[in-house]
Amino acid sequence: MRKIPVGLLGLGNVGSGVVKLLGDNADAIRHRLGGASVDLRRIAVREADKPRLVDVDPRLLTTSVASVLEDPEIQIVIELIGGEDLARRFVLEAIERGKHIVTANKALLAVHGDELFAAAERHGVDLYFEASVGGGVPIIRALREGLASDRVDELVAIVNGTSNFLLTTMTDEARPFAEILKEAQDKGYAEADPTLDVDGWDAAHKLCVLVPLCFGTRIRVEQVLVEGLRGIEPIDFRYAERFGYVIKPLVIAKDHGDSVEARVHPTLIPRRFMLAAVNGVYNAVYVSSYALGSSMYYGRGAGMMPTAVAVVSDVIEVSRNLLSRSSGGAPLRMPTPSGDRGQRRIRAAGELQSRYYLRFAVVDKPGVLAQLANILGEHEISISEVVQEGARKEGSPVAVVVTTHQALERNVQTALSLINGLPTVVEKTRLIRIFE
Ligand SMILES: NC(=O)c1ccc[n+]([C@@H]2O[C@H](COP(=O)([O-])OP(=O)(O)OC[C@H]3O[C@@H](n4cnc5c(N)ncnc54)[C@H](OP(=O)(O)O)[C@@H]3O)[C@@H](O)[C@H]2O)c1
């Protein structure tokens, strides 16, 4: 019986799930590999004596990553350490030694993807990364294989479970963001340092993995418009509901033919849109493509076992390639869908178009609304709806909430910098983009 020797780097959340799944589903995996088995030979960790989430033979553990990479028998290296620099070094070294790679590390791929994919191609090895986006939701396979014959026009997705959990809780409980974040951290739903999640960077990394698969165009994180959740207040959920929307942490990527747009921000979406029903820690990816039309992929975007499903499925696929001697044959990144358009320009933030929700806090005096409307009009921003509430107390500011028709981001930002400078405007205007 053939054994596929595998080395694992990292035995944290996801690594533990991988060990458990390889054990729990060993028979099914062997069956799917035509009788061959995945043989976990070594596991590199930082501290050998730390308590672990799974039972593991202590003889497999090592604090020497080199001993995994240098083991000539190991054919597949699973990278589950996380971070960018060390992971890049280890993955490159493994590739140079002819080992196939499975990783869940979106930050690594977003920042060093070009270098790693080029190295994998040069050395004729596979580099699989299903778990890097959507956890257990097989969106990479859907884009790479299921839609290989189609042309993706647009992708709209919720790919950060922590952000979705925070916004869902704010929608349900109308409490301030900081309070809900603190509670989520205490319960372990959010990291102690929540920056990557709540400021949009984790989602931006994932978008950088998805865009080349959708459009055949590479993108760097700095080219993505990224906005986090911190400025959203309970009052915004109230107005959203009044206008028929919910607020979701979206990533949006669109093919404009000559250019591609990519953005990450909290977004108002109509209640009837399928993504509006994706709540809590769940992820979902909505894809619009030329021949299939709309399709959606939904499930648990993180966690020990869901993420392990994607990692182990990749290990099975690489093992199949090894067994059929077809490893490294086709680069995993899809070629440009139309075949000849090649790398396209990424639209700058100012060029993006959207509808907008603008919440102004102004002094309650005649003429203020007209002043706002004038500045918006002068910048080609036309108003769709306006709501103005009376002052709660004499002299306190009032909220004026405006939704706009499609407008150019550059014009909106210029108009807001003028509006925010008016003596009648008492707080920075809250902007949330609308998607429909
Ligand atoms: N958690 C999720 O739900 C999830 C979902 C999708 C993707 N991912 C991605 O999966 C990867 C792993 O995430 P995770 O949550 O499993 O991380 P984690 O719980 O922090 O585990 C990291 C593991 O790497 C080991 N490690 C770190 N530096 C090392 C080094 N220099 N040498 C040897 N071992 C080292 C740690 O060893 P010790 O245990 O000894 O400290 C630990 O076992 C990340 O790229 C993450 O973005 C995670």
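The values are calculated or read from the model by the stated rules, or taken from the named source; none is laboratory data. Please read these numbers as outputs of a predicted model, since none were measured by experiment. Counting neighbours? That spans all protein chains shown, and the Cβs are built from the backbone with ideal geometry, glycine included. Areas reflect the complete protein model, heavy atoms only, side chains present, ligands, DNA and RNA absent. Shrake-Rupley method; radii C 1.70, N 1.55, O 1.52, S 1.80 Å.
In the range 190-200, the count of residues that are within 16 Å of residue 266 (Cα to Cα), in a helix (DSSP H, G or I) and open to solvent by less than 40 Å² (accessible area, probe 1.4 Å) is one or more. Being open to solvent by less than 20 Å² (accessible area, probe 1.4 Å), within 20 Å of residue 140 (Cβ to Cβ) and touching a residue at least 60 places away in the same chain (Cβ under 8 Å), is that true of even one residue in the range 161-175? Checked the range 161-175: at least one residue is open to solvent by less than 20 Å² (accessible area, probe 1.4 Å), within 20 Å of residue 140 (Cβ to Cβ) and touching a residue at least 60 places away in the same chain (Cβ under 8 Å).
Go through the range 82-105 and give me each residue that's away from the ligand (no atom under 12 Å from the Cβ), outside any helix (DSSP H, G or I) and open to solvent by 20 Å² or more (accessible area, probe 1.4 Å). Across the range 82-105, the qualifying residues are 97, 98.
Pull up the range 138-159, narrow it to residues that are in contact with a Lys or Arg (Cβ under 9 Å, 6 or more places away or on another chain) and open to solvent by less than 10 Å² (accessible area, probe 1.4 Å), then point me to the one that is nearest to the ligand (Cβ to nearest atom).
Within the range 138-159, the first condition is being in contact with a Lys or Arg (Cβ under 9 Å, 6 or more places away or on another chain), and the residues that meet it are 144, 153-159.
Next cut, open to solvent by less than 10 Å² (accessible area, probe 1.4 Å) only: 155-159.
Working: 155: 18, 156: 20, 157: 15, 158: 14, 159: 10 Å.
Within the range 138-159, the match that is nearest to the ligand (Cβ to nearest atom) is 159.
Output yes when any residue across the range 377-400 is at pLDDT 95 or above, in contact with a strand residue (DSSP E or B) (Cβ under 8 Å, 6 or more places away or on another chain) and at positive phi, and no when none is. Yes, the conditions are met somewhere in the range 377-400. Per this entry, residue 234 is counted among residues that are in the same structural domain as residue 160 (by TED's automatic domain parsing) and closer than 26 Å to residue 183 by Cα.
Counting residues in the range 328-339 that are small (Gly, Ala, Ser), modelled with pLDDT of 95 or more and either open to solvent by 20 Å² or more (accessible area, probe 1.4 Å) or part of a helix (DSSP H, G or I) (or both) gives zero. Do the conditions hold for residue 263, that is, is it among the charged types (D, E, K, R) and open to solvent by 30 Å² or more (accessible area, probe 1.4 Å)? Here the answer is no, as residue 263 does not meet what is asked. Which residues, counting only those in the range 202-223, are open to solvent by less than 10 Å² (accessible area, probe 1.4 Å) and away from the ligand (no atom under 15 Å from the Cβ)? Once the filter is applied, which keeps residues that are open to solvent by less than 10 Å² (accessible area, probe 1.4 Å) and away from the ligand (no atom under 15 Å from the Cβ), the range 202-223 yields 211, 212, 213, 214, 215, 217. Of the residues screened, residue 115 is one that is of a type in the set (D, E, K, R), more than 13 Å from the ligand (Cβ to nearest atom), more than 16 Å from residue 204 (Cα to Cα) and touching a residue at least 12 places away in the same chain (Cβ under 8 Å). The set of residues from the range 199-220 being more than 15 Å from residue 261 (Cβ to Cβ) and in contact with a helix residue (DSSP H, G or I) (Cβ under 6 Å, 6 or more places away or on another chain) comprises 202, 205, 206, 209, 213. Give just the number: which of (1) at pLDDT 95 or above; (2) not assigned by TED's automatic domain parsing to the domain that holds residue 40 does residue 311 not satisfy? Condition (2) is where residue 311 drops out.
Being in contact (Cβ under 8 Å) with a residue 12 or more places away in the chain, among the aliphatic types (A, V, I, L, M) and open to solvent by 60 Å² or more (accessible area, probe 1.4 Å) is a description that applies to residue 292.
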